[in-house]
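What follows is a single structure, written as structure tokens, with notes after it.
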Amino acid sequence: MSLDRSDVEKIAHLARLAISEEDIPGYTHNLSNILDLVAQMDAVDTSGVEPMAHPLDATQRLRADEVSETNQREAFQKIAPATEASLYLVPQVIE
Amino acid sequence: MHNKTIAELSAGLKNGDFSSEELTRSFLARIEKLDPQVNSYISVTTDEALSQAREADKRIAAGNASALTGVPIAQKDIFCTNGVKTSSGSKMLDKFIAPYDATVVSKFNQAGAVMLGKTNMDEFAMGSSNETSFYGPVKNPWDLTAVPGGSSGGSAAAVAARLAPGATGTDTGGSIRQPAALCGITGIKPTYGRVSRYGMIAFASSLDQAGPMERTSEDCALMLNAMAGFDERDSTSVEKDVPDYTASLNDDLKGLKIGLPREYFGEGLDSEVAKVIEASIEEYKKQGAEIVEISLPNTGLAVPTYYVVAPAECSSNLSRMDGVRFGHRCDNPADLEDLYKRSRGEGFGAEVKRRIMIGAYALSAGYYDAYYLKAQKLRQLISDDFKKAFEQVDVIMGPTSPTTAFNLGEKSDDPVTMYLSDIYTIAVNLAGLPGMSVPAGFVGQRPVGLQIIGNYFEEARLLNVAHKFQQASDWHQRAPENFSD
């Protein structure tokens, strides 16, 4: 499976990763090699095999809808890059 | 004191041979003197450690100590520690002070253990050599030109160099067992769900599992006693009683059925490593175990399958690192997309970016069936191989890693070659089984690990099987020359 430059640019955009121009050939090469490795999966016929979702066939545990955690806004916002009036600041998104 | 096991230190503390403060100071002094050669710690928490040690001494004096009270340990820097930097080996979290404790950390705190610091690791646990860490590679204490393995390379090197009597690790595709093997120590990855993942920075949630890394199986049992158990804060934690893992350590191995998968002894296995593994199997025969040749026919598919499942889950898990609520944020973002892209582009290293991109690709529109769904089906086949094998045998044995520790830089430019070094460990994670690595000998001066794989929740049996080997061998007692005194 060989990727080209535009594939890598598209994937980097999907993953919201800024990749510098000069690094793109390296990623193109390495990601293509990894997909070649992954392509070995195609050699096996898996029709009729149930996909495995959990090693122990467990199902999602549910709990009662009760408040169990206390508000820790201050502690959590102390580590944020930018906050104001208890809100997280990001560049303007609505004109 | 640094050559004593946790079991010996625990007895010494209770006897009053030394205080936890003395013990802690002696390890802190060793770390200060010797760790610059190894780079096994990202943070050393001197003040916190001494205050925990003094608390532990009071608790011992009051007569309500647990087996780990006053024992110094190191935590892999993937576990959140309240008020202490928790980096996961990444520039992204270089300034991240965790606002809460991981369940594993709380459990050790309750047991009265002393945290010496946080150990180095591959960035977000993605790597097999500890070379992807933002804080620089860890060196193997047996040979400073070799890698310690990864991703729990800092924990393995710290224990091997006697810079901690024990440490925690996490294992998503071999990250406890492979560094344990390459550094000549003992480590166990429990059954998926046995130890809480709460507060353990997620890499691939359906594979991640925490476990202990020590010099002996007995010490692993003591540590696992403290770590294991149900946690309502982890949605995949298993509600099942935890046995006392030390209780069955000495059980007789007569009649134990050991399966040797022929796929683990074929092409790709270093012939000198093979000899060491065969010699350790001989010891088990001497103890009355029965050897059965088995087959795990889908072994070769484990690495390709893993490199879909793990990247897909990591691309989803790491989407939270967006420069908004915590972690690295780029300067002067032009708009929201620029904020996301540059914060992530600057904060993540190359290997993490590769895996995020593979995952994003595999999960993107039109590719889901061909990649993630296909991989989950193969995962079922790989798991079925083990199910069949465990109808015939009690444990499975083989090498942990196809070679001894490779040289620093040897594989760091070639991801696929690096991935293949986990060929014997990855299938265990895909199946969710417990696995262990035990020191089995050396090739030259580099250690070899014997892998022991058990059926679900058979940790006690693995620890027993490893302990009986260690009663009859001294590989686990060897110390790297520059770190023995």
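The values are calculated or read from the model by the stated rules, or taken from the named source; none is laboratory data. All values reported here derive from a predicted model rather than from experimental measurement. As a convention, Cβ positions derive from the backbone with ideal geometry for all residues, glycine included, and neighbour counts pool all protein chains shown. What goes into the accessible areas is simple: the full protein's heavy atoms, side chains included, and nothing from ligands, DNA or RNA. Shrake-Rupley method; radii C 1.70, N 1.55, O 1.52, S 1.80 Å.
Can you tell me how much longer the chain between B:Lys257 and B:Asp47 gets when fully stretched, taken as 0.36 nm per residue apart minus their C-alpha distance, in nm with one decimal?
Computed gain between B:Lys257 and B:Asp47 is 70.7 nm.
Calculate for the protein assembly as shown the 222 nm mean residue ellipticity that helices alone would give, adding -39,500 (n - 2.57) per DSSP H run of length 4 or more and normalising by residue count, nearest 500 deg cm²/dmol.
-11500 deg cm²/dmol
Give the lysines reachable from B:Lys91 as a straight Cα distance under 23 Å; neighbours fewer than 8 places away on the same chain don't count.
A:Lys78, B:Lys76, B:Lys118, B:Lys139, B:Lys341, B:Lys353, B:Lys411
Considering only DSSP beta bridges where both residues belong to the protein assembly as shown, give the percentage that are antiparallel (nearest 5).
Of those bridges, close to 75 percent are antiparallel.
Largest first and to the nearest Å, give the Cα extent of chain B along each principal axis.
On the principal axes, chain B reaches 63, 53, 44 Å in Cα extent.
Buried accessible area for the B:A pair, summed, 1.4 Å probe, in Å² rounded to 100?
It comes to approximately 5000 Å² buried between B and A.
From the backbone phi of the stretch B:238-250, what are the Karplus-calculated ³J(HN,Hα) couplings (6.51 cos²θ - 1.76 cosθ + 1.60, θ = phi - 60°) in whole Hz, Gly and Pro given as x?
9, 8, 7, 4, 9, x, 7, 5, 7, 5, 10, 4, 9
Classify the stretch A:1-45 as rounded, prolate or oblate, taking a ≥ b ≥ c as the square roots of the eigenvalues of its Cα gyration tensor: rounded when a/c is under 1.5, otherwise prolate if a/b is larger than b/c and oblate if not.
prolate
7 Å from Cα along Cα→Cβ at both A:Glu69 and B:Glu283: what's the point-to-point distance in nm?
4.6 nm
Roll a 1.4 Å probe over the protein heavy atoms and report the accessible area of A:Ser2 in Å², nearest 10.
Using a 1.4 Å probe on the heavy atoms, I get roughly 100 Å².
Mind checking which aspartates and glutamates have their C-alpha under 12 Å from B:Lys85, skipping anything on the same chain fewer than 8 residues away?
Hits, sequence-local ones excluded: B:Asp77, B:Asp94, B:Asp101.
For the stretch B:300-367, which whole percent of the accessible surface, found with a 1.4 angstrom probe, sits on carbon and sulfur atoms?
Result for the stretch B:300-367: 47 percent of the exposed heavy-atom area is carbon or sulfur.
Just the number, please: percent antiparallel of the DSSP beta bridges in chain B, rounded to the nearest 5.
So the antiparallel bridges in chain B amount to around 70 percent.
Could you sort out which of B:Lys189/B:Lys254; B:Lys107/B:Lys240; B:Lys4/B:Lys107 sit more than 20 Å apart by Cα distance in this structure?
As for pairs spanning more than 20 Å Cα to Cα, those are B:Lys189/B:Lys254; B:Lys4/B:Lys107.
Given all pairs of different Cα atoms, what value in angstroms does the Kirkwood hydrodynamic radius of the stretch B:384-466 take?
Roughly 14.1 Å, rounded to one decimal.
Less than 20 Å apart at the alpha-carbon level, and either on another chain or at least 8 residues along: which lysines does that give for B:Lys377?
B:Lys387, B:Lys388
Once you put a point 7 Å from the Cα of A:His13 and another 7 Å from the Cα of A:Lys78, both along the Cβ direction, what distance in nm separates them?
Placing both labels 7 Å beyond Cα along the Cβ direction yields 4.2 nm.
Could you give the spread of the C-alpha atoms of the stretch B:300-367 along their three principal axes, from largest to smallest, in whole angstroms?
The Cα atoms of the stretch B:300-367 stretch 47, 24, 18 Å along the principal axes, largest first.
At 1.4 Å probe size, with no ligands or nucleic acids counted, give the accessible surface of A:Arg61 in Å², nearest ten.
70 Å²
Rg and Dmax of the protein assembly as shown, using alpha carbons, in Å: what are they?
23.0, 78
Expected output is a single nm value to one decimal: the length gained when fully extending between B:Ala62 and B:Glu8, i.e. 0.36 nm times separation in residues minus the C-alpha distance. What is it?
Gain on extension, B:Ala62 to B:Glu8, equals 17.4 nm.
If I take R0 = 45 Å and measure r between the Cβ atoms of B:Ala472 and B:Tyr367 in this structure, what FRET efficiency does the formula 1/(1 + (r/R0)^6) give, to the nearest 0.05?
0.30
Given labels modelled 7 Å from the Cα in the Cβ direction, how far is it in nm from B:Leu336 to B:Asp414?
Label-label distance for B:Leu336 and B:Asp414, simple model: 4.4 nm.
How far, in degrees from 0 to 90, does helix A:24-38 lean away from the longest principal axis of the Cα atoms of chain A, to the nearest 10?
Result, in degrees: 70.
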